[in-house]
Every structure is written in structure tokens, then in C-alpha cells.
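Asker: One structure, as C-alpha cells, below. Some questions next.
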């Protein structure tokens, strides 16, 4: 991008600046620390100039918004046309309670829905399963059947609004609940849009709500790719997620590398099934964290887009849409403090700004009270307002990739891409993502990073405002969410009635047809939909798959 | 030689958030304790059986799903039932202030919320473990 004579001149002058201006000041007033590092322990220089990005070829490495390699964003107009979708992850208690929360959020300007399920649902158990004890509705809504899904979306136009669902092991079944609910309302499948997380690889790596072993899990994932490409062209059949990898304690570089490695693994698995890359790849989407180091996060999103575009081209993608990475972002839950919770509003605002400057397609902003409990109405409204301020007041949405061309950001983007490539080589040495999971590679890398970070917090090397510096000795006074105490009873009663009222012969036929499909190699989705339409519960449907596929047990590494 | 303090770090229930449990397990080990980590998805029976078999002095429970009021108490109830109430039980996670007293009354003697320095947990265990 820069004339080489000019770069040499800049390099020469930079040396003079160092000895003439910079060093003398450092000697007089020493810098605040000996080594400045970001959250991946990458050393940060006092200054970046054209010299640091001398090899940068604008047309090849950057290009234009909406064009390969998508460094500057996935749409030609970026937020000038349509801003990101404001999509708050929400769910608690019964379907009815969560339905009320969704309507509240939509009334206050939210533009997409995002469902948080409770733990039993995440593991494919009904509310009345013994292992569901104590967990009903606690960190998400309990959805045990199509009946619950109908109540969850009561009076919400599922043909118009898009819905994201954080569900992985039982993703095909919960997706089938959503599809069946639309079917019953007469909405064509081609019209419903949304996302299922459906990213099982990161479950083994980080989030840990896995059910089946990797091989059948990958088969189910590819089943959804194939089915989605055929019947639901507006549905993102996967959201390949770095969020949970980061929350488990990884660095930004690890989040980037492990997520993209997972992404390429899914593509290879689908191609191995014989699917055409350009048929399914346009519906792959991603999900990243927005953590505290502002510039590192922005560089991470930019690098992710370029790595994906280059990698997909190498794998044979021809369509533009197969190469462009669309992603959702959530601010870092792990960065929230229980101490002085109001200051989380500020953290979240800065993290959200990084996501917007990084070109996210949708965004969840955490609520200030989430290190204490699920968010209250007021807290979630403030979180949503934070996005609205960024959109409407700051001017950040007026031009594409506002930080493109910053010496620092371009240098860091390149550097993160290089480091991700080094991780790809290491994963390759294990023989791919699945063997690396089975050998505990990702888990160990994350555990190391998370322990190292925690030790630095303990020693005071890293500051967490309100926790190890600027502490206050006052009681936290913040109203927390109270759930309907009768919720579990209502849900158990509903399940009992459902099991009694449905056509159990039809149900048994559907379940045994699913078993046969799962034992063979047919696509399971149509069979799952039949079960769901016959009001099979989540636990019953997932139970069939558990019996056929077995369950995964992880090696415990700390 | 003095016997090392033996700790079982356990994840009851379906919660998969294990960053805290792993960091605490390592910090306790680095402070000289012997640490056994159960891994995820443990029932109260599994935890109490491990505590018995491993002959531990301390059980550390970690839960971020909000189910602590049920699942922590299941563990202390079962420990009492098996006559193991001399085992020191501590717990941590996303625990609202108002739950701390009832948990302590149920026998979870140390309750540690987000942002607790590791040193506080280590000191608490050393100061409260039997004998």
C-alpha cells in the first residue's frame, strides 16, 4: 500500500523519534509498566506506523465492503442501509413468562429474538426428568414439547421476526418445534428465518452441554444443513460459536482460531457427505464474544472475516455468500462484576462499541445485574438502550469499518490471522478438531489461559475495576428478577396433560420410524418433525437418539 | 509428615460452566492441597460417593445455573445421612446475597461469589477444615 522509499524514510525517522523524543521522556517519566500486553499476552508497541503494515496490499488483503475478502464488512453499505439486529438473549421460567419478556423487549425496540433454554432443555430432558431437579427455568426457559413452543411464541409473528435459539445437542428437535409451530399456523417454511446454534464441537471444547459422541453429533449437524438447504432457505442452520470458548477462559486469539477451525471442520464433514459447498455454506453463521480489550476485539472480527473468506475459497466455494462471514456478538458475561454492578453498564457499552466497529450483524448487550442473577426488566432495557445510543447517537454506524487503515488495527488484524494459522497447524497435527478434542488439546489450552489470567488478577498485574482496585465497602443494592414460584408446577401439569391427551399410537409409530432412520443413514430431520407434530416431548425424541447414538463422557482436565 | 488437606471439587447438576471450578481446583492444588475434580454433571449421590471413596476433608461445589438452593442442599443432606457431616462443604457461583444465609444454615459453611480472591478460599479452607 505504501511506496517502499516512503516506508524506508518513515522507518528511519521513527528510529530518530525513538532516540530523540521517546526514550528521553521514558527515562524521565518511566512508563506505567515494562511490557504492555493485550488480553492474548501479545506485546503492544508504543507506536504503530506505516512501517508495521508495509507488506499490506490494499486490494488483496482488504478490498471493499461486501467484496472478497470481506475485511471491511459483509455488506456494501454496512450500517448505512440496515443496522445490526438488536437481539437480546432471554428466557426463564415457563414459556408464558418468557413470552411476556419477549413482548416487553419488542415493545422497547428490540429487532430480533433470541431464546435461552434452561439446562434440562439444553440436555434434551423434559422438566419431569429426575436430572432436571432444581434446574427448571433457572437459566433459561423450559421447552419440553411443541405445546411449550406454541406458548413461547404466542402472538409473536414468526413469519416476520427472526429468532435465534441457543440449542446444541438437541438442536434438530428444538428446531423442529419451531418449524412445526409455524407449520400449524400455515406459514410456509420458506418464510421463516432465524438461527439454531447447533455447534456441537464447541460443546466438547467449552460450553459442555453435549449429549452424543462427536461422530453422531456431526451427522445430526449435517442432517440439519441438508434439510435447511432444501426446505428453509432463510434459516441459519448453525452458529459456529467462539463466545463460549472465550467465556471458558480462552484468549481472543484462541477464540478466533478454535472457532474458525470448528467452522472448517463442519464444512469438510458436509462435503464428505456429498453436499455441494455452495448449497449449505451461505447459511453458516458465527457468534463471537466482545471482551474488554477494545482494539483486539475489533481486529479479531476483521481477521475472522478474512480467514473465513480465504479458507472457503480454498475449499472450493464459488458463491460470494459462501465466503462471507456473518456473525452475532454478545458482550462478555465473564467480564461482568458482582461488585458495583452498575459499572457493568459502562463495560458493556464499550464492548458493544467494539462489536459495532468490528462489523457485527447482530448484537446482544449483557445486563448489569448478570453476575448476580438473570436480568431484571429494567436492567435489560438499559442494555438495549445502550445499543440504541450507539446506533442513533454516536455516528459509529455512518461508515463501513471506521478503523480500517489504522496502523495499529491493521497490524493487529494481520498478527491475529498469523497466530490463528499457527493454531490451525497444531490442530492439523492431531489429525483435526475431533481428535484434538479427544486428546484434550483445546480444553488444556483454555484452562492454561484462564488460570494465567486469574493469577494476574490475584497479583494485581491485571486490574478489574471494583474487584481488585477501586473497591467499595457497601452492600449491593439492586433489584433482582423474581420468577413465578408456581412455574414448575404449571409446567409439570402441562406435561402430564400432554402425555394423556395425545394420540399415543401415532406417537409410537413416529418414534420408531425415527429410531430406524437414526440407525440407518437417512436424514433424521423429517422423522424428527413427524415425532414433534405428534407431540412427542423433547425427552422422548432425544431419548430415542440417546439409545441409538450413546452418550459422551468427557475427560476432566484442570 | 502432616497429611495434606484433601479436597473434592465437584460440579453438581447439569451446569456446564467449569472455568471457576477448574481455576479454584488448580489454585488449591498449587497451595499444597490434594485435589480431585469430579468433572461435570454429578448427582448428589455421585458426589457423596466420591467424597467417601477419596476420604476427603473438604467438598467444594461450583454451580452457576441458579440451582444451588436445591442441589447444594441435596449434597449436605446426603452427607449428613451418611454420617459425614465432619466434611467441610464450601460452594461458589452466581449466588444472590439473599441465598447465602440459608445455604450456610444448610451446612455450606463458606459461600463464595464472583470476584472472590483465590487466597480467601484457600485461607477459609485452611482455617475451617477439621483437625
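Laboratory data are not the source of any read-out in this text; all were calculated from the coordinates shown. Every value quoted in this text rests on a predicted model; they were computed, and no experiment measured them. Please note: Cβ atoms are built from the backbone with ideal geometry, for glycine as well, and neighbour counts cover all protein chains shown.
Asker: Using Cα centres only, tell me the gap between the range A:400-416 and the range A:170-200 in whole Å.
Answerer: 38
Asker: Cα gyration tensor of the range A:4-58, axes a ≥ b ≥ c as square roots of the eigenvalues: rounded (a/c below 1.5), prolate (a/b > b/c) or oblate?
Answerer: Here the range A:4-58 falls in the oblate category.
Asker: For B:61-74, what's the mean count of beta carbons from other chains sitting within 10 Å of each residue's beta carbon?
Answerer: The shielding value for this peptide is 4.
Asker: Next question, about the same structure. Order of A:139, A:33 from fewest to most other C-beta atoms within 10 Å?
Answerer: Details: A:139 22, A:33 8.
Result, fewest neighbours first: A:33, A:139.
Asker: Rank the residues A:411, A:84, A:41 as a footprinting-exposure proxy: fewest other Cβ atoms within 10 Å of their Cβ go first.
Answerer: Taking fewest neighbouring Cβ atoms as first place, the list is A:41, A:411, A:84.
Asker: Using Cα-only point scatterers and the Debye equation, what is log10 of I(q)/I(0) for the range A:256-308 at each q in 0.14, 0.21, 0.22 Å⁻¹, rounded to two decimals?
Answerer: For the requested q values the scattering log ratios are -0.44, -0.80, -0.85.
Asker: Also: So what's Rg/Rh here for the range A:1-135, counting alpha carbon atoms and using the Kirkwood radius for Rh?
Answerer: Computed over Cα atoms, the ratio is 1.24.
Asker: If you don't mind, there's one more thing I want to ask. Determine the distance separating the Cα centre of the range A:352-377 from the Cα centre of the range A:289-310; give it in Å without decimals.
Answerer: 17
Asker: Now a separate question. Would you mind computing Rg(Cα) / (2.2 N^0.38 Å) for the range A:193-344, counting N as its residues?
Answerer: 1.06
Asker: Still on this structure: With the contact rule set at Cα under 8 Å and sequence spacing of 6 or more, what percent relative contact order holds for chain A? Mind dumping the intermediate values first?
Answerer: Working: 963 pairs, mean separation 99.5, N = 558.
About 18 percent, as a whole number.
Asker: Something else: As a test of understanding, state the convex hull volume per residue of the range A:281-326 from its alpha carbons, in Å³.
Answerer: Details: hull volume 2.6 nm³, N = 46.
Taking the convex hull of the Cα positions in the range A:281-326, it is 58 Å³ per residue.
Asker: Distance between the C-alpha centers of the range A:74-96 and the range B:16-60? Whole Å please.
Answerer: About 39 Å separates the Cα centre of the range A:74-96 from the one of the range B:16-60.
Asker: Give the shape of the range A:386-462 as rounded, prolate or oblate, defined through the alpha-carbon gyration tensor: a ≥ b ≥ c are the square roots of its eigenvalues, a/c under 1.5 means rounded, and otherwise the shape is prolate if a/b is larger than b/c and oblate if not.
Answerer: prolate
Asker: Give me the inter-chain shielding for A:126-138: mean count of other chain Cβ atoms within 10 Å, whole number please. Present the calculation step by step, with values, prior to reporting the outcome.
Answerer: Values: counts 0, 0, 0, 0, 1, 4, 3, 9, 14, 9, 2, 1, 12.
Neighbouring Cβ atoms belonging to other protein chains average 4 per residue here.
Asker: Sticking with this structure for a sec: One-quarter of the Cα convex hull surface for the range A:370-426, in nm²?
Answerer: In nm², the orientation-averaged hull projection of the range A:370-426 is 7.1.
Asker: Compute the Kirkwood hydrodynamic radius of the range B:56-131, taking the inverse of the mean of 1/r over all pairs of distinct Cα atoms, and give it in Å to one decimal.
Answerer: Averaging 1/r across every pair of different Cα atoms and inverting gives 12.5 Å.
Asker: Using a Debye calculation, one point per C-alpha and no hydration shell, please list log10 I(q)/I(0) for the range A:317-424 at q = 0.17 Å⁻¹ in order.
Answerer: Here log10 of I(q) over I(0) equals -0.93.
Asker: To test your reading of the geometry: what angle, between 0 and 90 degrees and rounded to tens, separates the Cα axis of helix A:504-519 from the longest principal axis of chain A?
Answerer: Approximately 50 degrees, to the nearest 10.
Asker: Can you put A:48, A:70 in order, fewest other beta carbons within 10 Å first?
Answerer: A:48, A:70
Asker: Using only the Cα atoms of the range A:199-255, build the gyration tensor, take square roots of its eigenvalues as a ≥ b ≥ c, and label the shape rounded, prolate or oblate: rounded if a/c is under 1.5, else prolate if a/b is larger than b/c, else oblate.
Answerer: On the way: a/c = 3.43, a/b = 1.67, b/c = 2.05.
Here the range A:199-255 falls in the oblate category.
Asker: Which semi-axis lengths, in whole Å and largest first, follow from the square roots of five times the eigenvalues of the Cα gyration tensor of the protein assembly as shown?
Answerer: Details: eigenvalues 301, 237, 111 Å².
The three semi-axes for the protein assembly as shown are 39, 34, 24 Å.
Asker: Could I ask something else about it? Take each of the peptides A:251-263, A:87-99, average the number of other beta-carbon atoms within 10 Å over its residues, and list them starting from the highest. All intermediate terms of the calculation are to be shown ahead of the outcome.
Answerer: Details: A:251-263: 27.1, A:87-99: 23.2.
Ranking the peptides A:251-263, A:87-99 by packing returns A:251-263, A:87-99.
Asker: Two decimals is fine: what is log10 I(q)/I(0) at q = 0.11, 0.14, 0.16, 0.20 Å⁻¹ for chain B, from a Debye sum with one equal scatterer on every Cα and no solvent?
Answerer: One equal scatterer on each Cα of chain B leads to -0.31, -0.52, -0.70, -1.17.
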